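Asks: Have a look at this one.
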Amino acid sequence: MDSVHSDRPTDPTGPADPSAPIGPSAPAGPAAEDPDGTVLALKILVAGGFGAGKTTLVGAVSEIRPLRTEERLTEAGRGVDDLDGVERKTTTTVAMDFGRITIREGLAVYLFGTPGQDQFWFLWDELAQGALGAVVLADTRRLADCFPAVDFFEHRGIPFVVAVNRFAGTSEFGPGEVARALDLDAGTPVLLCDARRRSSGREVLINLVEHAGRVRAARLLADVAPAG
């Protein structure tokens with residue numbers, strides 16, 4: 001972990017059980033009426049560096065067949081795509097991934113996976129509109145790749161959690177070590193996960209919804225607190 005420093009780069013401006021609750025309650029937040037009758041829809045982003053497992057996580061937890069916009073990596077992209085540490089990766093997301101989870105009747109979560117490569121960062125602002133919060137997937141082999149996503153959500157005041165995707169054969173680092181390496185604000189949750197497992201992904205979403213609820217409540221209290 002010593003090789004990762006806290007100087008951040010410039011801000012880059014099978015199916016789940018639909019009856020299983022993701023959390024005890026969902027906080028009030030960005031909402032929309034869905035055409036199929038859903039009263040409340042929560043939007044969550046899944047972000048992180050190239051090859052961190054965003055597409056895998058969305059696909060693992062989605063109750064519908066996920067929408068993917070993947071293209072195969074080619075020789076022409078070798079000068080652009082940094083495959084250091086992820087040499088076995090053969091595809092990349094060029095727009096977004098999309099999935100859906102029904103938490104309970106009348107409440108659904110829509111997952112939007114962001115593209116991880118630098119040339120697609122311009123899409124992030126559009127995808128972030130109306131988001132309740134975000135999951136930043138971290139790969140300890142390329143931990144510095146998390147800095148742009150962390151900066152993006154911190155600067156826009158979007159609550160997020162960091163989920164460390166554990167890959168076979170990689171060194172294990174605890175949540176505290178990762179939080180220090182990424183220079184996270186106090187109170188930002190850091191979790192260990194396996195993006196391939198539905199139960200692990202759902203646990204990450206539980207923590208994000210609860211964290212977003214706490215952040216929203218704190219902001220509401222700050223807004224009504226008397227000055228001075």
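The values are calculated or read from the model by the stated rules, or taken from the named source; none is laboratory data. What you are looking at is a predicted structure, and each value in this text was computed from that prediction instead of being measured. Note that we place each Cβ from the backbone using ideal geometry, even for glycine, and neighbour counts take in every protein chain shown. In case anyone asks, the SASA skips ligands and DNA or RNA and just uses the protein heavy atoms, side chains included. Shrake-Rupley method; radii C 1.70, N 1.55, O 1.52, S 1.80 Å.
Asks: Might you check whether a residue that is part of a loop (DSSP other than H, G, I, E, B), more than 16 Å from VAL46 (Cβ to Cβ) and of a type in the set (A, V, I, L, M) occurs anywhere in segment 133-147?
Replies: Within segment 133-147 (the criterion being part of a loop (DSSP other than H, G, I, E, B), more than 16 Å from VAL46 (Cβ to Cβ) and of a type in the set (A, V, I, L, M)), the answer is no, since none of the residues qualifies.
Asks: Follow-up. Looking at VAL190, VAL161, VAL224, VAL178, which is the one that is open to solvent by less than 30 Å² (accessible area, probe 1.4 Å) and out of contact with any helix residue (DSSP H, G or I) (no Cβ under 6 Å at 6 or more places or on another chain)?
Replies: Residue meeting the stated conditions: VAL178.
Asks: Determine which member of the set ARG202, ARG166, ARG197 is more than 22 Å from ASP145 (Cα to Cα), open to solvent by 60 Å² or more (accessible area, probe 1.4 Å) and not hydroxyl-bearing (Ser, Thr, Tyr).
Replies: Among ARG202, ARG166, ARG197, only ARG197 is more than 22 Å from ASP145 (Cα to Cα), open to solvent by 60 Å² or more (accessible area, probe 1.4 Å) and not hydroxyl-bearing (Ser, Thr, Tyr).
Asks: Restricted to segment 40-76, and to residues that are basic (Lys, Arg) and either in a loop (DSSP other than H, G, I, E, B) or open to solvent by less than 20 Å² (accessible area, probe 1.4 Å) (or both), which residue is modelled with the highest pLDDT?
Replies: If we take residues in segment 40-76 being basic (Lys, Arg) and either in a loop (DSSP other than H, G, I, E, B) or open to solvent by less than 20 Å² (accessible area, probe 1.4 Å) (or both), then LYS54 is modelled with the highest pLDDT.
Asks: Considering each of GLU172, GLU210 in turn, give the residue that is out of contact with any Gly (no Cβ under 9 Å at 6 or more places or on another chain) and charged (D, E, K, R).
Replies: GLU172
Asks: If I go through segment 151-198 residue by residue, how many of them are hydrophobic (A, V, I, L, M, F, W, C), part of a helix (DSSP H, G or I) and more than 19 Å from VAL58 (Cβ to Cβ)?
Replies: Of the residues in that region, 3 qualify.
Asks: Only one of these conditions is not met by TRP124: (1) modelled with pLDDT under 95; (2) more than 22 Å from LEU42 (Cα to Cα); (3) not β-branched (Val, Ile, Thr). Which number is it?
Replies: (2)
Asks: Being more than 17 Å from ALA195 (Cα to Cα), in a loop (DSSP other than H, G, I, E, B), modelled with pLDDT under 50 and open to solvent by 40 Å² or more (accessible area, probe 1.4 Å) is the requirement here; does GLY79 meet it?
Replies: yes
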